[in-house]
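Novice: The structure under discussion is supplied below as structure tokens; questions concerning it will follow.
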Amino acid sequence: MYSKQIPTGFPKNFLWGGATAANQLEGGWNVDGKGLTTAEVVKKAETREDFSMNQVTTESIAQAAADPTDNAYPKRRGVDFYHHYQEDIAMLAEMGFKAFRLSIAWARIFPNGDDATPNEAGLAFYDKVFAECHKYGIEPVVTISHYEMPLALTQKQNGWASRQTITAFLRYTETLFKRYKGVVKYWMTFNEINAITGGFTGTGAVDADLSLNEKAQLRFQALHHQFVASAKAVAQCHAIDPNAKIGCMLARMQTYPQTPNPEDVRAAQLSDQLNLFYTDVQARGEYPEYMNRYFQENHITLQMDPNDEKVLRENPVDYISFSYYMSTVTNADQDVEHFHDGFVFGEKNPYLQTSAWGWQIDPVGLRISLNDMWDRYRIPLFVVENGLGAEDKVTSDGKIHDDYRIDYLRAHIAQMREAIEDGVQLMGYTTWGPIDLISASTSEMSKRYGFIYVDQDDAGNGSLRRLRKDSFYWYKHVIATNGAELDAPVATAKD
Ligand code: BG6
């Protein structure tokens with residue numbers, strides 16, 4: 001008789017926590033020797049639908065670089081974690097965090113990207129942050145490049161469009177692995193590497209004047225450089241700190257066919273392949289055949305060095321991490337060309353609700369994605385972003401009753417538990433923005449994800465005071481019970 005034990009609930013050392021990015025969190029944009037970053041020349045979007053993060057031109061960059069203030073550039077100010085990190089990490093510890101995902105700002109360490117020596121003050125800042133995490137038993141999970149790079153590399157060589165950026169990046173990663181050996185156990189190379197198809201935020205390259213096809217050519221070439229840089233960083237990390245684990249990071253978007261028409265089902269399959277192609281390269285070590293066909297049909301030619309394929313093959317990642325916010329729907333009439341021009345929401349799914357920003361909320365999609373990815377890769381998975389962007393209201397007694405956020409997270413955690421019981425190996429779960437921070441896509445402050453409210457508005461006014469929302473107490477209980485009690489009555493914000 002065949003009988004095997006089915007896993008029950010979350011594993012013992014499950015990494016519960018939250019995730020952030022330097023450019024949305026830190027502030028301190030012009031102190032202690034830091035250089036300007038690509039994120040700090042992006043203005044706040046005019047509307048919610050309009051992703052300002054990729055809308056830059058050579059002129060807008062020159063104008064931004066000459067502006068000594070943070071007025072128009074919210075990612076320069078973040079929520080001033082740079083000066084509040086002790087208070088902030090103490091609050092994460094109060095929730096019982098096991099892991100805190102954060103990114104390092106490359107321009108704090110190498111202000112121009114390719115300086116001969118690193119900036120000691122920048123390294124020292126992260127020494128202090130990591131020490132603060134360890135003080136509470138919180139494991140730092142570090143993204144090496146999260147939607148930013150030193151602006152000087154854009155100005156000098158158009159960012160990742162240049163192969164030389166690989167060399168600069170590897171000097172940076174070597175510095176990090178040596179400095180934080182034994183301190184950081186979990187690394188990931190590029191945040192949402194597939195965001196590169198949207199342009200500037202991923203590539204650090206200005207391509208506003210190019211045709212769609214020229215953009216695709218530039219972006220996939222830049223991506224190839226990142227693939228090689230990432231694989232070489234995996235090799236470096238393993239050589240320098242054999243106890244560390246290094247992963248890749250994908251913005252996962254589950255695609256459904258709009259109808260059972262096989263043509264729509266095939267369109268959804270292609271859309272899913274185009275989403276998973278990045279992890280195919282980084283986890284399996286080679287470009288998949290369907291992608292070679294896609295390149296050929298779309299007249300995209302990649303320049304590779306003779307050794308590149310070997311480097312990719314020999315250095316797959318240790319784990320796959322991904323963000324999951326929503327799912328999408330497609331049909332045979334959709335033009336796949338959209339794939340190389342940025343982010344697409346697809347068709348409306350009549351079975352799902354959307355957030356105020358139009359993101360389709362789909363907890364079951366997370367279980368489907370986890371199963372699909374586990375079946376495909378058979379290496380540990382890590383959900384490193386998930387959450388609901390919402391406008392929170394502070395009531396007259398200074399409380400924030402964010403039951404909508406609790407509902408969202410509860411439903412997703414329940415589906416992760418199902419996936420674990422389906423057999424998926426899941427390392428952890430870090431919700432996006434445990435402390436309110438600047439939105440990546442629109443640079444708004446009013447799109448909040450946190451358990452901790454930060455008193456700051458879109459224009460940067462406010463005391464920066466931190467307040468515990470209702471979700472703070474709820475998540476604390478979830479962690480304390482290792483995800484066993486998701487429905488416990490919600491304590492109300494006390495401060
Ligand atoms: C992910 C990014 O795309 O989603 C984060 O990795 C980002 O940087 C998050 O903040 C949520 O997106 P947004 O646009 O709502 O901030």
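Novice: Quick one: Karplus J couplings for the stretch 194-202, per residue in order, coefficients 6.51, -1.76, 1.60, θ = phi - 60°, nearest Hz, x for Gly and Pro?
Specialist: 6, 5, 4, 5, x, x, 3, 4, x
Novice: Still on this structure, please answer the following. Report, by chain and number, residues whose modeled amide H sits under 5 Å from the one on VAL329, excluding near sequence neighbours (fewer than 5 apart, same chain).
Specialist: Amide H to amide H, under 5 Å and 5 or more residues apart or across chains, VAL329 pairs with TYR256, GLU347.
Novice: Which parts of the stretch 26-53 would a label at SER446 reach, counting a residue when its backbone N lies under 11 Å from a point 7 Å out along Cα-to-Cβ?
Specialist: Inside the label zone: 47-48.
Novice: Modelled label-to-label distance, GLN86 and MET1, 7 Å Cα→beta-carbon offset: nm?
Specialist: 6.2 nm
Novice: At what distance in nm do the modelled label points of ASN213 and VAL31 sit from each other, each positioned 7 Å from its Cα along Cα→Cβ?
Specialist: 5.1 nm
Novice: Also, quick follow-up: May I ask you to evaluate 6.51 cos²θ - 1.76 cosθ + 1.60, the Karplus curve with θ = phi - 60°, for each residue of the stretch 2-14 and list the ³J(HN,Hα) values in order in whole Hz, giving x for glycine and proline?
Specialist: So the Karplus estimates, Gly and Pro as x, are 9, 9, 9, 5, 8, x, 10, x, 6, x, 4, 9, 4 Hz.
Novice: Also: Is the shape of the stretch 334-488 best called rounded, prolate or oblate, per the rule: a/c under 1.5 gives rounded, else a/b larger than b/c gives prolate, else oblate, with a ≥ b ≥ c the square roots of the Cα gyration tensor eigenvalues?
Specialist: Working: a/c = 2.05, a/b = 1.25, b/c = 1.64.
Oblate, because a/c is 1.5 or more while a/b does not exceed b/c.
Novice: Quick query: amide H of TRP16 versus all other amide H atoms, modeled in the peptide plane; which residues come in under 5 Å with a sequence gap of 5 or more or a different chain?
Specialist: Under 5 Å from the amide H of TRP16 lie the amide H atoms of LYS98, ALA99, TYR429, each far enough along the sequence or on another chain.
Novice: Compute, for the stretch 117-238, the length of the dipole vector about the Cα centre, with Cβ point charges of +1 (Lys, Arg) and -1 (Asp, Glu) only. Units Debye, rounded to 20.
Specialist: Numbers: 12 positive and 10 negative charges, 79 e Å.
Around 380 debye, computed over the stretch 117-238.
Novice: In Å², what does the accessible area per residue of the stretch 235-319 work out to with a 1.4 Å probe?
Specialist: Working: 4210 Å² over 85 residues.
With all protein chains present, the stretch 235-319 gives 49 Å² per residue.
Novice: In whole angstrom, how far apart do the alpha carbon centroids of the stretch 265-300 and the stretch 1-51 sit?
Specialist: Taking the Cα centre of each part, the stretch 265-300 and the stretch 1-51 sit 25 Å apart.
Novice: For the chain, what does the helix formula give at 222 nm: sum of -39500 (n - 2.57) over DSSP H segments with n ≥ 4, over the residue count, nearest 500 deg cm²/dmol?
Specialist: -11500 deg cm²/dmol
Novice: Now for a different question. Given H placed 1.01 Å from N in the peptide plane, which residues other than close sequence neighbours of GLY78 have an amide H under 5 Å from its amide H?
Specialist: GLY27
Novice: Can I ask one more? Work out the FRET efficiency for MET304 and GLN269 from their Cβ-Cβ distance, taking R0 = 25 Å, and round it to the nearest 0.05.
Specialist: Efficiency, rounded to the nearest 0.05: 0.40.
Novice: Scan the chain and note any complete DSSP helix (H) whose C-alpha atoms cover at least 24 Å along its axis and whose Kyte-Doolittle average is 0.0 or more.
Specialist: 212-240
Novice: Next question. Rounded to whole Å, give me the distance from the Cα center of the stretch 103-159 to that of the stretch 183-237.
Specialist: 17 Å
Novice: Now for a different question. Residue-wise, which Karplus ³J(HN,Hα) couplings in Hz belong to the stretch 18-33, taking 6.51 cos²θ - 1.76 cosθ + 1.60, θ = phi - 60°, and x for glycine or proline?
Specialist: With coefficients 6.51, -1.76 and 1.60, one gets x, 10, 9, 9, 3, 6, 9, 10, 6, x, x, 6, 10, 10, 6, x Hz.
Novice: Another question, then. If the cut-off is a Cα-Cα distance under 15 Å, which aspartates and glutamates reach LYS215, setting aside same-chain residues fewer than 8 apart in sequence?
Specialist: ASP207, GLU337, ASP341
Novice: Right, next: Order ARG76, ARG171 by their accessible area, 1.4 angstrom probe, all chains in place, largest first.
Specialist: Ranked from most to least accessible, the order is ARG171, ARG76.
Novice: Under 18 Å from a label point 7 Å along Cα→Cβ of ALA332: give me every residue in the stretch 268-286 with its amide N that close.
Specialist: Counting only backbone N, you get 268-272.
Novice: Taking every pair of alpha-carbon atoms in the chain, give the share separated by more than 28 Å as a whole percent.
Specialist: Summing the P(r) of the chain above 28 Å gives 50 percent of all pairs.
Novice: If you put +1 on each Lys and Arg Cβ and -1 on each Asp and Glu Cβ, how big is the dipole of the chain around its Cα centre, in Debye rounded to 20?
Specialist: 1440 debye
Novice: Work out the P(r) tail for the stretch 212-300: percent of alpha carbon pairs separated by more than 22 Å, whole number. Intermediate values should be presented prior to the final figure.
Specialist: Details: 1576 of 3916 pairs.
Tail of the P(r) past 22 Å holds 40 percent of the pairs.
Novice: Order MET304, MET326, most accessible first, counting only protein heavy atoms with a 1.4 angstrom probe.
Specialist: From most accessible down to least: MET304, MET326.
Novice: Under a straight-distance cross-link criterion of Cα-Cα below 21 Å, which lysines are reachable from LYS185, leaving out those fewer than 8 residues away in the same chain?
Specialist: LYS12, LYS98, LYS128, LYS135, LYS232, LYS245
The values are calculated or read from the model by the stated rules, or taken from the named source; none is laboratory data. Every value quoted in this text rests on a predicted model; they were computed, and no experiment measured them. Reconstructed Cβ throughout: ideal geometry from the backbone, glycine too, with neighbour counts over all protein chains shown. SASA here: full protein model, heavy atoms, side chains in, ligands and nucleic acids out. Shrake-Rupley method; radii C 1.70, N 1.55, O 1.52, S 1.80 Å.
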